[in-house]
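First the structure, in the form of structure tokens, and then the observations on it.
Coordinate-derived values only; no laboratory data. Predicted, not measured: the structure shown is a model, and the values here were computed from it. Every residue, glycine among them, receives a Cβ derived from its backbone with ideal geometry; neighbour counts consider all protein chains shown.
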Amino acid sequence: MKQAVLLFVFVLAAASVFAQQKVIRINQLGYLPQSVKVAVFLSTEAENAGQFQVFDALTDKLVYEAKVKQVDGSDWGMKAAFRLDFSAVENRGGYYLKLGETRSPAFQIASDVYDGTADFLLNYMRQQRCGYNPYLQDSCHLHDGIIVDHPTKTGQKIDVTGGWHDASDYLQYLTTSANATYQLLYAYEQNPAVFNDEYRENGESGANGIPDILDEAKWGLDWLVKMNPSAGEMYNQIADDRDHRGYRLPNKDTVSYGLEGEYRPVYFITGKQQGVAEHKNRTTGVSSSAAKYASSFALGSLMMKEFYPEFAEQIAAKAAEAYTFALSDIGACQTACNVSPYFYEEANYVDDLELAATTLYQLTGEAYYLTEAKKWGSVENVTPWMSTGFARHYQFYPFVNLGHVKLAEKDETFATYLKQGLTHLYDRGKDDPFLNGIPFIWCSNNLVAAAITQARTYEEITGDRSFAEMEAALRDWLFGCNPWGTSMICGLPAGGDNPEEPHSSITKILGETTYGGLVDGPVYNSIFSGLIGIEIQQPDPFEAFNKGKAVYHDDLGDYSSNEPTMDGTASLSYYLSSMEKMGRKQQQNYKKDEQGAIRYFNTNEKNIYLVFSAHDKAEGAAHILKTLDKKNSKASFFFTGDFLRDNQFQSTIKKIIKSGHYLGAHSDKHLLYCDWIKRDSLLVDRTTFEQDLKENYKALQQFGINRENAGWFLPPYEWYNSAIVNWTSAMGLTTINFSPGIRSNADYTMPDMANYMSSDKIFKSILKVEEEQGLNGAIMLIHPGTEEKRTDKFYLRLEELIETLQTKGYNFKRLP
């Protein structure tokens, strides 16, 4: 018996040790140089700590040390928690933090950490399109729909195909779709320069002369026009909760609503309690929905005028009609349910009226609308969820009052209202390790997005930085500085820890994550424990961090915390584009590819950057160096660690350095990082990558070269993906590659290869690119050594190439 007791105690002790966790949570995306930077240390056991350290990720050199700030981690089931403030570290580079023996992942400090993030969200919006779906390259729900609940038109067909599916189900709501449309338009209005044009209006790849975010907003506006076919005739949703019939792709949707064929019900806005079966909502009027139409049409008219002038005129008229209708039956309009009593319980409407009137004033300049806006805006000073700290599902929606924001630019009273809301959040979260005063109700991440939007707009309007640390904490929360250490946006950052098993048919059936989608986020443990239908399908890697007040699971079966939502995703567009704009003020004029590597330097200057890369061959190096010296030109050389250690190349390397050329890293072992066909598929893990890069720099250091004078990285085979670029940045380096269209990199090909290019053809391809688009800032890659079977060595044409391009006014420089 005694032995059994001892064995039991031993097992308990072992389990206790196994359960102990010590982690440092960071923003995986990285930090802007001049920004608040605070990481959070958590431990499941008691800890005493005085200071933490910041180290260079590449050299392991200590660069900063500071005192920790002890905070209470008990709400998260932690016995120790510290805030680690390293805001003083502003130099661009890659770093990691240490507290005792606990080390954070590597991260970057750089001005471009938010580049492309707002556009990345649009991947999910395109995936959610109804009608033609570019992600599936197929159409769905082409029979929408048949009218229900209309006094005279019930049973009639109406064409309302289009718009977005709300989340992982295929319901479509005016409530969330109109807000998403407005959020996209607002992001473009505030930050137009950051958005790219890489997709057509139907969502397929290819530029069309219109920023992609406006293509997406137009998709929403077109649907809203269909849902509001005439003055006073508005529809609030397509389908209902009968949709919830398990996993299926939208183009394979077989749910029947008891209507003709594949038709789905389209709910007329009645202004009264609604539901075509036993369960009813608590609608009190039409104002909230009608005003959402009005605000979206008004801002849409302003933003679309340049690209679609006739359409802009049409929706401007509809905006005014919608506002008039909103005043005809004051009250909140909720979504309809059928088989269950669950629906979007929107109970406020004055914020919608305020935003509609404000935007109509912006559109028309009519004083009437400004008076209306201020009247409605004074009724609800603070969005109620911010002041109360709780709400029912979508009870106070939209979660951020952009009417207050727009009026605050004209009237400081409304700036005071914004401050009051932020103060409520701050007071609730000031003692939290993550400064998070958000209530963890369903879709808590949407509330985080609302809070940082309000904080950013408030600071930009007033210059008051009182909430800068809270804003940074909530921003960082979305990218991994949370108890679970995971980003809440699927696929962002690439190579990071982000949702891999979101609650979605895309994941269940196609085995892919929902790129760009913001997941619901953590919910109170008390809410989660009472939910029906949750089926956690895998062992929980976050178990140790799910013992606090809120839980999160990266699990297909958790629809409460891990389901991406369309409106939540759209609501981040403004904030992420603002962060990108902030970072751009500190950047040089570089052009990047979709993976994030620099492909052109300053395109305003007639400089060409010759790049030579090698792993085991360099028979042409002497000729190249002699030519560069003769033509008074500089270049950049990227060598692997194996090349740098090879005795036969030592004199060449020393001559490169002595001649003032750039010498940089090309990996240690010339590993292939990702699959040639499926580029997103990594062939190395992060630890292997980081160690390989460190070994490359150890070899460079033998020649006096370090990260400070060699910060560019050329990946082996010039082949990489977004994850590799992010991992490189977290090591304090920047990925470059040759400029597209310039085929000098094909100088390695041999006559027996299908992709063989002769030196003459390569030469002509360069001149063609110069003639068609110029070579300002171009990176031109040439190999200093090739296989013997290739006798047509392109490097022997180097002098001719330099002379030809110099006569056109170009200079040849080493990398900056």
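Here are the numbers for the structure shown:
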read-out: Crossing angle, helix 621-630 versus the chain [Cα axis fit, 0-90 degrees, rounded to tens]; value: 90
read-out: Mean Cβ count within 10 Å, highest first, over the residues of peptides 271-279, 238-246; value: 238-246, 271-279
read-out: Selection from Ala57, Ser651, Phe325 lying farthest towards where the dipole of the chain points positive, charges on Cβ; value: Ser651
read-out: Under-5 Å amide H pairs with Arg245, H placed in peptide plane, nonlocal only; value: none
read-out: Net charge, Tyr182 excluded, C-beta distance under 14 Å - Lys, Arg +1, Asp, Glu -1; value: -3
read-out: Local net charge near Thr652, Cβ-Cβ under 14 Å (Lys/Arg +1, Asp/Glu -1); value: +2
read-out: Relative exposure of Ser111, Ser256, judged by other C-beta atoms within 10 Å (fewest first); value: Ser256, Ser111
read-out: Principal-axis tilt of helix 212-227 within the chain, Cα atoms, nearest 10 degrees; value: 20
read-out: Listed residue pairs exceeding 27 Å between alpha carbons, taken from Lys272/Lys410; Lys592/Lys813; Lys98/Lys694; Lys591/Lys634; value: Lys272/Lys410
read-out: Acute angle (nearest 10 degrees) that the helix 350-364 long axis makes with the longest principal axis of the chain, alpha-carbon atoms; value: 70
read-out: The chain - mean residue ellipticity at 222 nm from DSSP helices (-39,500 (n - 2.57) per run, n ≥ 4, rounded to 500); value: -11000 deg cm²/dmol
read-out: Vicinal HN-Hα couplings computed from phi for region 320-334 (Karplus, 6.51 cos²θ - 1.76 cosθ + 1.60; Hz; Gly/Pro x); value: 5, 4, 5, 5, 4, 5, 4, 7, 6, 8, 5, x, 9, 10, 10
read-out: Debye, to nearest 20: dipole size of region 246-363, +1 on Lys, Arg Cβ, -1 on Asp, Glu Cβ; value: 280
read-out: Listed residues Ala66, Ser529, Thr804: farthest to the positive end of the dipole of the chain (Cβ charges); value: Thr804
read-out: Antiparallel DSSP beta bridges within the chain, percent to nearest 5; value: 70
read-out: Per-peptide average of other Cβ atoms within 10 Å, ordering 520-526, 657-663, 448-454 highest first; value: 448-454, 520-526, 657-663
read-out: Using θ = phi - 60° and Karplus 6.51 cos²θ - 1.76 cosθ + 1.60, couplings along region 289-305 (whole Hz; Gly, Pro as x); value: 6, 4, 5, 5, 4, 4, 5, 5, 5, 5, 5, x, 4, 5, 7, 8, 4
read-out: Residues with amide H under 5 Å from that of Phe637, placed H, sequence gap 5 or more; value: Phe612, Tyr662, Leu663, Gly664
read-out: Derived scalar couplings ³J(HN,Hα) [region 49-54; Karplus, 6.51 cos²θ - 1.76 cosθ + 1.60; whole Hz; x for Gly, Pro]; value: 9, x, 9, 10, 10, 10
read-out: Lys, Arg +1 and Asp, Glu -1 on Cβ, resulting dipole of the chain about Cα centre, debye, nearest 20; value: 2220
read-out: Region 157-195 and region 125-146: distance between their alpha carbon centers, rounded to Å; value: 14
read-out: Relative exposure of Trp676, Trp223, Trp712, judged by other C-beta atoms within 10 Å (fewest first); value: Trp676, Trp712, Trp223
read-out: Normalised contact order of the chain, rounded percent, pairs of Cα under 8 Å and 6 or more residues apart; value: 12
